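The values are calculated or read from the model by the stated rules, or taken from the named source; none is laboratory data. Please read these numbers as outputs of a predicted model, since none were measured by experiment. Neighbour counts are summed over all protein chains in view; Cβ atoms, including those assigned to glycine, are modelled from backbone coordinates with ideal geometry. Heads up: the accessible areas ignore ligands, DNA and RNA and are worked out on the full protein's heavy atoms, side chains in. Shrake-Rupley method; radii C 1.70, N 1.55, O 1.52, S 1.80 Å.
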Amino acid sequence: MIDIQHLTFHYGKRPALFDDFSLSIEQGKIVGLLGKNGAGKTTLLRLMAGLLKPQQGWLRVNGYQPFTRNPNFLEDVYMIPETFSLPSMSIAGYLKAITPLYRSFDREKLETVFESFELKTGDHLHRLSHGQQKKFLIAFALASNCKLLLLDEPTNGLDIPSKSLFRKVMVGSISDEQLVLISTHQVKDVDSIMDEVAVIDHGKMIFRDHCAGIGQKYEFETVLDLSHCSDAVYWESSPMGYRVVRPSKGEKETGIDWELLFNAIINHKMDAK
């Protein structure tokens, strides 16, 4: 589905953001893309969507070179950017104009998600709140049935109940023929729906693993002292003592502390690619 080999990309005369970058992902999963600000997450999504052109390397999405903007490619890829602007028109008008571009668009699925999000086709886009506009884009993306969905900070602007609804509709709407990439800083909003997590830093893939595998390989605990944690992979002080990542002994699954995991990865204490 996504095949990137030895890709190089830079903006203008700036240093390369990606240099000899490679990544392959197959369909049938939801992948969380994590990284610090400026790590290249949004740029990577834009390259996959064909909005940017790499200077060197091999980039194929669904068998196409994204930047050529082949109509068969465009009808099977949908990206929700972090920042967006919707036209001043009704939802019904927007659907009439845009849905013909997506051959697999499912109007029944759209209505189901609309009902969950309390949206109506008679609503006017520019009169919706930012959160409701974001929910409209999510509903449209899911109803498009595109093989590749690229979501950049999809839960930004959603209130707590809407984030819960987002997870629910995602799980109920994605098929095994689709691939979803979610770039986010709010990993707790999507941790329960991710199949894999990938972390990039300074344009490099520094960690990638199945979420189930992480939970089996490591334990995440808070302890009063470190005297019995000589095997700790990473630790941080906290008001309750120390937050610790350590290899699992197979006795229990503690659940994943995503903030602690991310800090361990960024500090190069964990490596899985």
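Starting from the amide H of residue 17, placed 1.01 Å from N in the peptide plane, find each other amide H under 5 Å away whose residue is 5 or more places distant or on another chain.
Amide H neighbours of residue 17, under 5 Å, 5+ apart: 9, 10, 11.
For a label point 7 angstrom out from the Cα of residue 108 toward its Cβ, which stretches of the stretch 57-93 have the backbone nitrogen within less than 18 Å?
No residue qualifies, since no backbone N sits under 18 Å from the label point.
Got a number for carbon plus sulfur as a percent of the chain's accessible area, 1.4 Å probe?
Using a 1.4 Å probe with all protein chains present, the chain comes out at 49 percent carbon and sulfur.
Contour minus end-to-end for residue 58 and residue 248, with contour as 0.36 nm per residue of separation and end-to-end as the Cα-Cα distance?
Gain on extension, residue 58 to residue 248, equals 64.6 nm.
Relative contact order, percent, of the stretch 20-144 when contacts are C-alpha pairs under 8 Å separated by at least 6 residues?
After rounding, I find 21 percent.
Remind me, relative contact order of the stretch 71-155 in percent, using alpha carbon pairs under 8 angstrom and six or more residues apart?
53
Can you give the relative contact order of the chain as a percent, counting alpha carbon pairs under 8 Å and 6+ residues apart?
20
Shape of the stretch 181-243 from its Cα gyration tensor (a ≥ b ≥ c, root eigenvalues): rounded if a/c is under 1.5, otherwise prolate when a/b > b/c, or oblate?
It comes out prolate by the Cα gyration axes.
Could you do me a favour and compute the accessible area per residue for the stretch 139-273, 1.4 Å probe, result in Å²?
Per residue, the stretch 139-273 has an accessible area of 47 Å².
Restricting to bridges with both residues inside the chain, how much of the DSSP beta-bridge set is antiparallel, in percent to the nearest 5?
Antiparallel bridges: around 60 percent, rounded to the nearest 5.
Could you go through the stretch 74-86 in sequence order and give the Karplus-derived ³J(HN,Hα) for each residue, using 6.51 cos²θ - 1.76 cosθ + 1.60 with θ = phi - 60°, rounded to whole Hz, and x for Gly and Pro?
5, 6, 10, 9, 9, 10, 9, x, 5, 10, 8, 9, 9
Within the set of other residues whose C-beta is less than 11 Å from the C-beta of residue 40, count the net charge using Lys and Arg as +1 and Asp and Glu as -1.
Result for the neighbourhood of residue 40: +2.
Past 27 Å, Cα to Cα: identify those pairs from 29/217; 29/135; 53/163; 135/204, in the order given.
53/163; 135/204, as the Cα separations exceed 27 Å there.
Amide H neighbours of residue 201 under 5 Å, at least 5 residues apart or on other chains, H built in the peptide plane: list them.
Distant-sequence amide H within range of residue 201: 206.
Less than 11 Å Cβ to Cβ from residue 166, Lys/Arg counted +1 and Asp/Glu -1: what total charge do the surrounding residues give?
Its environment carries a net charge of +3.
Kirkwood hydrodynamic radius for the chain: how many Å is it when counted over pairs of different Cα atoms?
Computed over the chain, the radius equals 20.1 Å.
Which net charge results when you count Lys and Arg as +1 and Asp and Glu as -1 among the other residues whose beta-carbon is under 11 Å from that of residue 256?
Charge balance in the 11 Å sphere: -4.
Calculate I(q)/I(0) for the stretch 1-145 by the Debye formula, one identical point scatterer on each C-alpha and no solvent, and give its log10 at q = 0.14, 0.19, 0.21, 0.22 Å⁻¹ to two decimals.
Computed log10 I(q)/I(0) values: -0.78, -1.19, -1.31, -1.37.
Assign one of three labels to the stretch 111-189, namely rounded, prolate or oblate, based on the Cα gyration tensor with a ≥ b ≥ c the square roots of its eigenvalues; rounded applies when a/c is under 1.5, prolate when it is not and a/b is larger than b/c, and oblate otherwise.
oblate
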